[in-house]
Amino acid sequence: MNYLTVENIAKSYGELTLFEGLSFSVHKDQKIAFVAKNGTGKTSILKMLAGLDTPDTGNIVYRKDIKVAFLPQEPILDPELTIEETIFNADNPVLDIIKNYEKALQNPEDEEVYQKAFEQMDRHNAWDFETQYKQILFRLKLDNLDQKVNTLSGGQKKRLSLANALINKPDLLILDEPTNHLDLEMIEWLEAFFAKENITLFMVTHDRFFLERVCNEIIELDHGELYSYKGNYSYYLEKKEERIAREQIETGKAKQLFKKELVWMRRQPKARTTKSKSRIDDFTEIKHKASQRRKDHVVELELNMERLGSKIVELVKLSKSFKDKVILDKFDYNFQRGERVGIIGKNGTGKSTFLNMLTQTTQPDSGKILIGETVKFGYYTQAGITPKPDQKVIDVVRDFGDYIPLKKGRQISAQQLLERFLFDRKKQYDFVEKLSGGERKRLYLCTVLIQNPNFLILDEPTNDLDIVTLNVLEDFLLDFPGCLIVVSHDRYFMDKIVDHLLVFKGEGVVENFPGNYTDYRTYEDSKAPESEDDAADKKEKKNWKKDNNKTALSYNEQKEYKNLESKIKSLEFDKKEIEQKFLNPDLTQDQITELSAKIQKIIDAIEEKEMRWLELSEKMEE
């Protein structure tokens, strides 16, 4: 079922053309991610789909009577309403029924009005609605329903706007960076929510784990052309690489043909035949193809960094509280050369406060921070860049000098450096205030890195950065030889960059975990609390073992153990076969759904058999 069709839309601001001639459609049950570089009009397209903006040319056609909700990056909420009033202020018929029922409760004398309101509640299954919306608010840490919107932080407002959208269960939900301002627990809950609810999604997000687990199609805008990939993020990466390789081969062939045609053109007399004219027209097209270049710049930083000494940063019995809220309680840690530390934890557990103490912009209540003489911090904060009035991009970098020193005595100009950070010469002379949010973050990141820090601290560096820039940043950080601390909710980014984690649990508890985010989640899941039934069953088995010294496998168990190994291998083979089928670009949505169901059954069967195999393995070892 088609929900909306976008036909040849275009948008310009003065001389700047964001995009033109774009066409695509959104169908029921699709979960689409829209991928493009910062500054190419992603947010403008979302606003058009939500009816908050119009294209210069082209049309956006909606199916009649579908319900659409939009989550913008900057929510527009009535500041005088409370959280609960904001929820009930939505255009939702069930909410009106609940309001009428609550009104009827206040006038119990009017039995006819009360009876009618009661019947409406029954008819529309409105009884559970209050429970449902309070559960969503609880998951998004919006517990104080009487708190006014004007007292909420920016992150709380974003989460309230998200809650509003989820509660009203639209047919089509349009999301602009939905995981910004959510902690990891909230993001994982949201992934599960979208997996369970039949909501059609069209979103812009930089969160590649979220893309991987939620989306079943990716539409990419690349150099003015739209490309559709019917699969998740991994599938998109694979197919995009294949597409770029094909384009490079075609461009190479066109260049060879262009050289031959150029020789022919130079030999031509002034008077040309009709046949020659046709060949000249062909030559013009070949020349265009041959001159096409992919404008993907790769940041290659070889900045001259001062070597770290033996003493880096040591934290000694560090404590910090805000009134009754404990952030750190006698925390000890000694950073070693080349450490790559990720910091995770729920919102409000003190991650940013910890970074501010490290860089001495916030003082601890007690304890010491001992910093080595050779340490030079580079601190990328969530606040971002604060441009001067009428300041241009190039001027921001030139504040640090016209030339930046590189290794081996080389240097790079401010203009060349900006080009490496994906700002072309024309963009360098734009006013900073005209840049998109992601472009500002990229410029700010550039100003932090060009100061040659040897201890780099990044507080939510992935917010608002497009996937292209994220890959560039990851490549740089993998080669960065100094110490690194990253606070991020981007699990994909954390998995790729960090070696171990500091997990802020709240109430001053900080756990030091050796591994990346996926390692930590696996560890946490393995020690999840057992149910009472599981515990009782385990206790019974333990007591049985005490009474029976026989711990070896029985004959039937030995047969089962061997059979399990072969069955698991067979299932793994079936799983790979289905994964290969996903690579077919001609799959329909129904075929994708069918294959997804099959692969999930196989995964469940593998997990079940692996659990039994582990159980028998443990029994053999006892």
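Taken together, the values in this text are just the output of simple stated rules run on the coordinates, not laboratory data. Everything numeric here is computed off the predicted structure, so don't read it as measured data. So basically every Cβ, Gly included, is an ideal-geometry build from the backbone, and we count neighbours across all protein chains shown.
Given Cα positions, please report Rg to Rh for region 83-150, the hydrodynamic radius being the Kirkwood one. Could the numbers behind the result be given before it?
Details: Rg = 13.5 Å, Rh = 13.1 Å.
Expressed as Rg/Rh, it is 1.03.
Taking loop as defined by DSSP and a crowding limit of 16 other beta carbons within 10 Å, which GluC sites (Glu not before Pro) in region 471-528 fit? The partial results should precede the final answer.
Values: sites: E474, E507, E511, E524; in loops: E507.
Here the GluC sites (Glu not before Pro) that fit, given the DSSP loop and packing criteria, are E507.
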Query - Principal semi-axes in Å for region 391-440 [√(5λ), Cα gyration tensor, largest first] - result: 22, 11, 8
Report task. Mind checking region 168-235 for GluC sites (Glu not before Pro) that DSSP puts in a loop (not H, G, I, E or B) and that have at most 12 other Cβ atoms within 10 Å? Result -> E197
Query raised in the report: For region 408-529, what proportion of DSSP beta bridges, expressed in % and rounded to the nearest 5, is antiparallel?
Result: 50
Requested in this report: Take every DSSP beta bridge whose two residues both sit in region 319-468, then give the antiparallel share in percent to the nearest 5.
Outcome: 65
Requested in this report: May I ask you to order 407-419, 335-347 by the average number of other C-beta atoms within 10 Å around their residues, highest value first?
Outcome: 335-347, 407-419
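Starting from the Kirkwood radius over alpha-carbon pairs of region 444-526, derive D by Stokes-Einstein at 20 °C in a medium of 1.002 mPa s and give it in µm² s⁻¹.
Values: Rh = 13.9 Å.
This corresponds to a translational diffusion coefficient of 154 µm²/s.
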